[in-house]
Amino acid sequence: MKLLAVVLNFDGGDDVLAALASLAGVQTICVDNGSTDGSAEAVASRFPDVELIRTGVNLGFAGGNNVGIRRALARGADWVLLLNNDAVAEPGLTAALERAARARPDAGLFACTVLDGDGDRVQFAGARFDARLGYSGRLATRVPAAPHDVGRVDGAAVAVSRAAVERAGLLDETLFLYVEDVEWSLRIRRAGFAVVLVPDARVRHKGSAASGGAASTTNLYYDTRNTIAVAERYAPLPPGLRAARRAVVVGAHLAQAANHPRRGDALRAVVAGWRDARRGRLGRRA
């Protein structure tokens, strides 16, 4: 098994340097996704063995990672590990993925266990997505003892096989940010591959760096819009039921927005996401 890692850098500052340092010994590609804070120059200086690709523009999570995946496959990777620039790999992550690849040749995606930045709390240890309801279900916060099938991965740290990419395709760039990991999981499973959580493949994740942090409303817009779009793609419903599902998705996001520090902006972001989903407007928000 030949594993290459891809780290996607937005305006990551020191975060991207920590992410790359945690992958010491792993062939790594850093895709600089239009950063403007000098972090790309810092990567080139500190990590001369890391291949640095500058997109020159923010292509979104999907577009930026796809640049890295294509390059990793061109370099002969059998598996590609995607790591957010605000995440760091725990020791033993790549060894755990290699063991899982031998044990689960049916797998197309490996989900990693995602801990918070201090490593004290589990952010992700598996989840499902019910497209009929537009609902991801509760995130598992208890780490299982052995690898097992899950409904979806978390984009903070996920490994994809060459075979899965060749059969099912890359990340969906029309989604730009958020829910693209869910859509990929559904599509790769539909292509006949398993989606498997690897408990010992662990990362620590700060979270929300790509969308501007806790004060940003970007995540609410894209999550609302893309959840509706993916649910309708994978579980089409008659018009009345479709409207009811949209209402459920919007209601859940409005509840989140009500507790946001910028409540008014957050509520407007949810409504804008709903409107763009209805109109079929995807890609980067205008």
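The values are calculated or read from the model by the stated rules, or taken from the named source; none is laboratory data. All of these numbers come straight from a predicted model, not from anything done at the bench. We place every Cβ from the backbone using ideal geometry, glycine too, and count neighbours over all the protein chains shown.
Can you pull out every residue in segment 167-185 that is without any contact (Cβ under 8 Å) to a residue 60 or more places away in the chain, buried (at least 20 other Cβ atoms within 10 Å of the Cβ) and assigned to a helix (DSSP H, G or I)?
The first filter runs over segment 167-185 and keeps only residues without any contact (Cβ under 8 Å) to a residue 60 or more places away in the chain, leaving 167, 169, 179, 181-183.
Then drop every residue that is not buried (at least 20 other Cβ atoms within 10 Å of the Cβ), which leaves 179, 181-183.
Scanning segment 167-185 gives 181, 182, 183.
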Conditions (1) out of contact with any strand residue (DSSP E or B) (no Cβ under 9 Å at 6 or more places or on another chain); (2) part of a helix (DSSP H, G or I); (3) surrounded by 14 or more Cβ atoms within 10 Å (Cβ to Cβ) -> residue 252 fails only (1)
Reported set for segment 12-25 where residues are touching a Gly at 6+ places or on another chain (Cβ under 9 Å) and surrounded by 19 or more Cβ atoms within 10 Å (Cβ to Cβ) is 19
Of 56, 60, 68, 76, which residue is out of contact with any Gly (no Cβ under 9 Å at 6 or more places or on another chain), on the phi > 0 side of the Ramachandran plot and in contact (Cβ under 8 Å) with a residue 12 or more places away in the chain?
76
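Can we say residue 247 is surrounded by fewer than 19 Cβ atoms within 10 Å (Cβ to Cβ) and either among the aromatic types (Phe, Trp, Tyr) or touching an Asp or Glu at 6+ places or on another chain (Cβ under 6 Å) (or both)?
Values: surrounded by fewer than 19 Cβ atoms within 10 Å (Cβ to Cβ): yes; either among the aromatic types (Phe, Trp, Tyr) or touching an Asp or Glu at 6+ places or on another chain (Cβ under 6 Å) (or both): no.
No: the conditions fail for residue 247.
Can you pull out the residues in segment 94-130 that are hydrophobic (A, V, I, L, M, F, W, C) and over 17 Å from the mean Cα position of the chain (by Cα)?
95, 96, 97, 100, 101, 103, 107
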I need the full set of residues from segment 146-166 which are aliphatic (A, V, I, L, M), in a helix (DSSP H, G or I) and either within 18 Å of residue 227 (Cβ to Cβ) or in contact (Cβ under 8 Å) with a residue 60 or more places away in the chain (or both), in order please.
165
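For segment 263-280, indicate whether the set of residues that are closer than 19 Å to residue 181 by Cβ, modelled with pLDDT of 95 or more, among the hydrophobic types (A, V, I, L, M, F, W, C) and not in a loop (DSSP other than H, G, I, E, B) is non-empty.
We begin by selecting, within segment 263-280, every residue closer than 19 Å to residue 181 by Cβ; these are 273, 277.
Restricting the remaining residues to those that are modelled with pLDDT of 95 or more gives 273, 277.
Now drop any that are not among the hydrophobic types (A, V, I, L, M, F, W, C), which leaves 277.
Add one more test, that the residue is not in a loop (DSSP other than H, G, I, E, B), and what stays is 277.
Within segment 263-280, one or more residues are closer than 19 Å to residue 181 by Cβ, modelled with pLDDT of 95 or more, among the hydrophobic types (A, V, I, L, M, F, W, C) and not in a loop (DSSP other than H, G, I, E, B).
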For residues that are surrounded by fewer than 21 Cβ atoms within 10 Å (Cβ to Cβ), over 18 Å from residue 204 (Cβ atoms) and either at pLDDT 95 or above or in contact with a Pro (Cβ under 9 Å, 6 or more places away or on another chain) (or both), tally how many sit in segment 26-39.
1
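Name the strands (runs of 3 or more DSSP E) wholly within segment 50-128 that hold at least 1 residues that are surrounded by fewer than 17 Cβ atoms within 10 Å (Cβ to Cβ), modelled with pLDDT of 95 or more and among the basic types (Lys, Arg)?
On the way: elements: 51-54, 79-84, 87-89, 107-116, 122-124.
Ranges flagged: 51-54.
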